[in-house]
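Novice: Take a look at the following structure, please.
The values are calculated or read from the model by the stated rules, or taken from the named source; none is laboratory data. Computed from a predicted structure; not experimentally measured. Heads up, the Cβs are rebuilt from the backbone with ideal geometry, glycines too, and the neighbour counts pull from every protein chain shown. Calculation scope for accessible area: heavy atoms of the full protein, side chains included, ligands and nucleic acids excluded. Shrake-Rupley method; radii C 1.70, N 1.55, O 1.52, S 1.80 Å.
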Amino acid sequence: MQTAIVTGATRGIGRATAVALGALGYHVVVTGRTRHEGDAAALPEASALTEFAHLPGSLTTTVALIEQAGGHATPLVLDLLERDTLQPVALAAIEALGHVDVLVNNAIYVGPAGTARFLDTPPDELERRLYANVAAQLVFMQPILRHMVSRHAGVIANVTSAAGYAPPTQATGQGGWALSYGVSKAGLHRIVEQLVVEHPGDGVRFLNVQPGFVATERVLAAGAKLQFVADHAAPVEIVGQALARILDSADDFAQGTNVQIQDLARTWGLLPA
């Protein structure tokens, strides 16, 4: 059986991708902070995240959707900010699956200053976002990549963003993104390019996967703050289906490619041309 790990799979792109992989017959380890519906309200920072804490989504729900789609799923609680748990959870995922064919680094940290301008962002929020979206990804990925290299097989896909490589034209709140988000995505984007150079011939495929504007639950709940995204967003389920198809045929893509998910979705007839 093909296997995959999808981080940040309680809702949004992560959940849609995990469910689509399940429909393709994968055994999927799904990670996220919320094990059961309603747990998010009990998180320490929930009072500062009231606009998102109420959104539905949990590992339990995602597992049920994967199983309904014909796949098999294992839930593992993971918080990117809890450094000491990152590698133990990665090792637990490997053990649960037996072997790992695909890793999708999708989880990110948003925080209460997620759409704030630089001068309005507290220093501790800058540190949390950069740690969670770059350093934590590396720490979590390390044992999984080591496992893949030992098997001479595997796919690592990082969910990137144009905010990490395209010049901004508007400030956050006016059609652009927060500086901390763009910087963190730039760091994530570079990981794939570096790993391609470090692991030639090791049998592991490295891809950046760019979803474009997606109508996730958070985007739709953010209102005016992310209206510029919502106005041009593709359905999250379609993006998940296209990404799962890309992962399932990763050998068709050149090493280090920045795969434009929506472009392929249009080619495949999943989105209007």
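Novice: Collect the residues in the range 213-232 that are outside any helix (DSSP H, G or I), open to solvent by 40 Å² or more (accessible area, probe 1.4 Å) and at pLDDT 70 or above, keeping them in residue-number order.
Specialist: Passing the criteria: only F213.
Novice: Right, something else. Any chance the range 202-210 includes a residue that's aliphatic (A, V, I, L, M) and either more than 22 Å from N258 (Cα to Cα) or open to solvent by 30 Å² or more (accessible area, probe 1.4 Å) (or both)?
Specialist: Checked the range 202-210: no residue is aliphatic (A, V, I, L, M) and either more than 22 Å from N258 (Cα to Cα) or open to solvent by 30 Å² or more (accessible area, probe 1.4 Å) (or both).
Novice: If you go through the range 125-167, how many residues are among the hydrophobic types (A, V, I, L, M, F, W, C), assigned to a helix (DSSP H, G or I), modelled with pLDDT of 95 or more and open to solvent by less than 20 Å² (accessible area, probe 1.4 Å)?
Specialist: Total satisfying the criteria: 7.
Novice: Quick one: in the range 21-52, of everything that is within 15 Å of D79 (Cα to Cα) and open to solvent by less than 30 Å² (accessible area, probe 1.4 Å), which residue is modelled with the lowest pLDDT?
Specialist: Top of the filtered list is A46.
Novice: Could you please find all residues in the range 157-201 being among the acidic types (D, E) and either within 24 Å of I261 (Cα to Cα) or touching a residue at least 24 places away in the same chain (Cβ under 8 Å) (or both)?
Specialist: E193
Novice: Being outside any helix (DSSP H, G or I), open to solvent by less than 20 Å² (accessible area, probe 1.4 Å) and modelled with pLDDT of 95 or more narrows it down to one residue among A90, A113, A73; which is it?
Specialist: A73
The rows are residues; the columns are (1) outside any helix (DSSP H, G or I); (2) open to solvent by 10 Å² or more (accessible area, probe 1.4 Å).
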site	(1), (2)
T169	yes, yes
Q174	yes, yes
Y181	no, yes
S184	no, no
L188	no, no
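Novice: Are there any pairs with C-beta distances below 9 angstrom linking a residue in the range 126-153 that is more than 20 Å from D248 (Cα to Cα) and among the small types (G, A, S) to a residue that is open to solvent by 80 Å² or more (accessible area, probe 1.4 Å) and modelled with pLDDT of 95 or more, with the two at least 6 apart or on different chains, and if so which?
Specialist: These pairs meet every condition: A135/R83; A136/E82; A136/R83.
Novice: Could you list, in sequence order, all residues of the range 52-70 that are assigned to a helix (DSSP H, G or I) and out of contact with any strand residue (DSSP E or B) (no Cβ under 8 Å at 6 or more places or on another chain)?
Specialist: F52, A53, T61, A64, L65, Q68
Novice: Turning to a different aspect of this structure: Could you list, in sequence order, the residues of the range 93-110 that are part of a loop (DSSP other than H, G, I, E, B) and either in contact with a helix residue (DSSP H, G or I) (Cβ under 6 Å, 6 or more places away or on another chain) or not small (G, A, S) (or both)?
Specialist: Selection gives H99, V100, D101, N106, I108, Y109, V110.
Novice: Of the residues E198, E193, which is closer than 18 Å to Y165 by Cα, open to solvent by 20 Å² or more (accessible area, probe 1.4 Å) and either at pLDDT below 85 or out of contact with any helix residue (DSSP H, G or I) (no Cβ under 6 Å at 6 or more places or on another chain) (or both)?
Specialist: E193
Novice: Can you name the residue in the range 168-181 that is among the hydrophobic types (A, V, I, L, M, F, W, C) and at pLDDT below 95 and is also farthest from L243 (Cα to Cα) among such residues?
Specialist: Ranking the candidates gives A171 first.
Novice: Still on this structure, please answer the following. Just the residues that are among the charged types (D, E, K, R) and over 17 Å from G57 (Cβ atoms), please, taken from the range 75-118.
Specialist: Answer for the range 75-118, where residues must be among the charged types (D, E, K, R) and over 17 Å from G57 (Cβ atoms): E82, R83, D84, E95, D101, R117.
Novice: Within the range 241-273, track down each residue that is outside any helix (DSSP H, G or I) and more than 26 Å from P200 (Cα to Cα).
Specialist: W268, G269, L270, L271, P272, A273, listed by residue number.
Novice: Can you tell me how many residues within the range 233-263 are under 12 Å from V102 (Cα atoms), open to solvent by 50 Å² or more (accessible area, probe 1.4 Å) and polar (S, T, N, Q)?
Specialist: Counting residues in the range 233-263 that are under 12 Å from V102 (Cα atoms), open to solvent by 50 Å² or more (accessible area, probe 1.4 Å) and polar (S, T, N, Q) gives 0.
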